[in-house]
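Structure first, commentary second.
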Amino acid sequence: MKNITLLMVLMTLLAGCFSKTQQTTVLKEQNNTPNQQQHNELEVIAENLNIPWSIEAANGTFYLIERTGSIVKIENGIERQRVELKKELATASEAGLLGFVLGPDFQESHLAYAYYTYVDSSGQFNRIVTLRLQDGAWKEESLLLDRIPSGAYHHGGRLKIGPDNKLYATAGDASQANIAQDRGSLGGKILRMNLDGSVPSDNPFSDSYVYSVGHRNPQGMTWLPDGTLYASEHGNRANDEINVIEAGQNYGWPIIEGHEEQEGMVAPLFTSGNESTWAPSGMDNYNGKLYVAALRGTAVLEFDLETGESREVISGLGRIRDVRVEGNDLYFITNNTDGRGNPQGNDDKLYRITLSE
C-alpha cells in the first residue's frame, strides 16, 4: 500500500513538472521576447539623430529624414543637409517633415518627393512637394498637392512610389474622425497621383486623388512582389490594423475598427485587438513577411502572410518609427527623441540586422 501511495505521489509530481514546462513554452511564444543573440547581431549605422521619420536609400547611400526639417546623408560618414521649404514647418505634435521618397531617376535628376506639415495665415495643413538636391541642400521646387487636412494630431505622412510608378501618400484624419468617410476630403485616406501631381485616369473615383477611404492615421505602406499593397494604421487607443489595400475600398473608420465588420467595409488582415496597441508606422516586406515599426509597441513586428502568425523581431530599443529592407538586411530607426519616448545615450539611431531566410 505504501508503494502504491508513493508511486501516485511521484506521478503527480511528474505531471506537475510537465504541466509547468508546457505553460512556460506557451508564455514564451506569446511574449515573443527576442533572445540576446539577436541583439548581439545588431549594428548601429548612425546615432544622435533628431526625431528621424523616414528611411530612403539609393546605391548604398542612405537618407534619413528628421521631423525638425533636416535630411541626414550617410555615405562614407554622416552629413546633415539643410532643407529649404517655401512654407513654415509646423511644430505641432507629430507634425513636421515626414514622408520622403527619392525619384526613380534620382541619380540623374537629384529629385525627390516630400510630405510636410506647415502653418501660415490660413491655418495648418499638409502638402506634397518635390525637392531637388543642389550643392548639398534640398530646395522645395514644385507643389504637387496642398491643403491636406492637419490638426493637433493624425497627419499621416508616409510617401511611397508604387510598382505602377505612381506616388502614394497616407493622410490622417486630422483628429476629425468623420472626414475619413467623406470622399470630398483628403483626410483619412490613402492618396494616389502621377509623379507630376496630376490625378491618374485609373483612380477609383473620377478626378480625385482618393485611392481608399476610412482610415484613421495610416503611416506605413509596402507592396509585395505580386503587386499587393499593405498599409499600417493607428487605432483608437487600441485596435491597430494591418490592411490589404484595394482601390476604392472603405476601411471603416470611424464606423468600425479592429475585429468589427460591416457590409461594404474591409476588416483588417491583422489587428492588435481591444486590449493592446502597436502604434504601427513604417513598413516593408521580405520573403513573404511584413516588417512593421511599432512606436508604443516599442518593437519591430513580423507578420507571416502564409501562417498568419506574428512576433516581435526586435524589442528593448524603445520607439521604432520606420523600417527598410535592403537585400536581406533590415534597417530601422528609433524615435525616442520625439517627446514620447525615453532617450538613451546617443539616441536616436539607425540600426541594421540581417534577416534569416
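Since every read-out is calculated from the coordinates, none of them should be taken as a lab result. Bear in mind the structure is a predicted one, so any value in this text is a computation, not a measurement. We place every Cβ from the backbone using ideal geometry, glycine too, and count neighbours over all the protein chains shown.
Taking the beta-carbon count within 10 Å as an exposure proxy, list D329, D348, D240, D226 from fewest neighbours to most. Please list the in-between numbers first.
On the way: D329 13, D348 27, D240 30, D226 6.
Listed from fewest to most nearby Cβ atoms, that is D226, D329, D348, D240.
Using unit Cβ charges (K, R positive; D, E negative) and no other charged atoms, how large, in debye to the nearest 20, is the dipole of the chain about its Cα centre? Present the calculation step by step, with values, prior to reporting the outcome.
Numbers: 30 positive and 47 negative charges, 179 e Å.
About 860 debye.
What does the charge add up to near L295, with Lys and Arg as +1, Asp and Glu as -1, over the other residues with Cβ less than 9 Å from its Cβ?
Working: positive: R296, R319, R321, R340; negative: D338.
Cβ neighbours under 9 Å give a net charge of +3.
Percent of Cα-Cα pairs more than 35 Å apart in the chain, please.
Numbers: 15206 of 63546 pairs.
Counting pairs separated by more than 35 Å, the tail of P(r) holds 24 percent.
Divide by every residue of the chain the summed helix terms, -39500 (n - 2.57) for each DSSP H run of at least 4, and state the resulting mean residue ellipticity at 222 nm, rounded to the nearest 500 deg cm²/dmol. Don't skip to the answer; put the middle values down first.
Values: 3 runs with 39 residues, N = 357.
Counting only the DSSP helices, I get -3500 deg cm²/dmol.
Starting from the amide H of D329, placed 1.01 Å from N in the peptide plane, find each other amide H under 5 Å away whose residue is 5 or more places distant or on another chain.
L355
Can you work out the Karplus-derived ³J(HN,Hα) for every residue in segment 190-196? Use 6.51 cos²θ - 1.76 cosθ + 1.60 with θ = phi - 60°, whole Hz, and x for glycine or proline.
Whole-Hz 3J(HN,Hα) from phi for segment 190-196: 9, 10, 9, 8, 6, 5, 8.
What does the extension gain come out to for E246 and N48, with contour length at 0.36 nm per residue minus their alpha carbon separation? Provide the component values of the computation, followed by the final result.
Numbers: separation 198, 0.36 × 198 = 71.28 nm, distance 3.86 nm.
Answer, rounded to one decimal: 67.4 nm.
Hey, what angle do you get for helix 2-31 against the long axis of the chain, alpha-carbon based, 0 to 90 degrees rounded to 10?
Rounded to the nearest ten degrees, it is 0.
Which of K87/K349; K139/K160; K73/K139; K73/K289; K86/K160 have a Cα-Cα distance over 24 Å? Mind dumping the intermediate values first?
Numbers: K87/K349 28 Å; K139/K160 20 Å; K73/K139 15 Å; K73/K289 28 Å; K86/K160 22 Å.
Pairs exceeding the cut-off: K87/K349; K73/K289.
Between segment 78-99 and segment 158-180, how many Å separate their Cα centres?
Cα centres, segment 78-99 to segment 158-180: 18 Å.
Fewest to most neighbouring Cβ within 10 Å: what's the order for S142, S206, S175?
Details: S142 13, S206 7, S175 16.
Ranked by crowding around the Cβ, least crowded first: S206, S142, S175.
Ranked by Cβ crowding within 10 angstrom, fewest neighbours first, how are H234, H259, H155 ordered? List each step's numbers first, then the result.
Details: H234 28, H259 11, H155 32.
Arranged by neighbour count, lowest to highest, H234, H259, H155 become H259, H234, H155.
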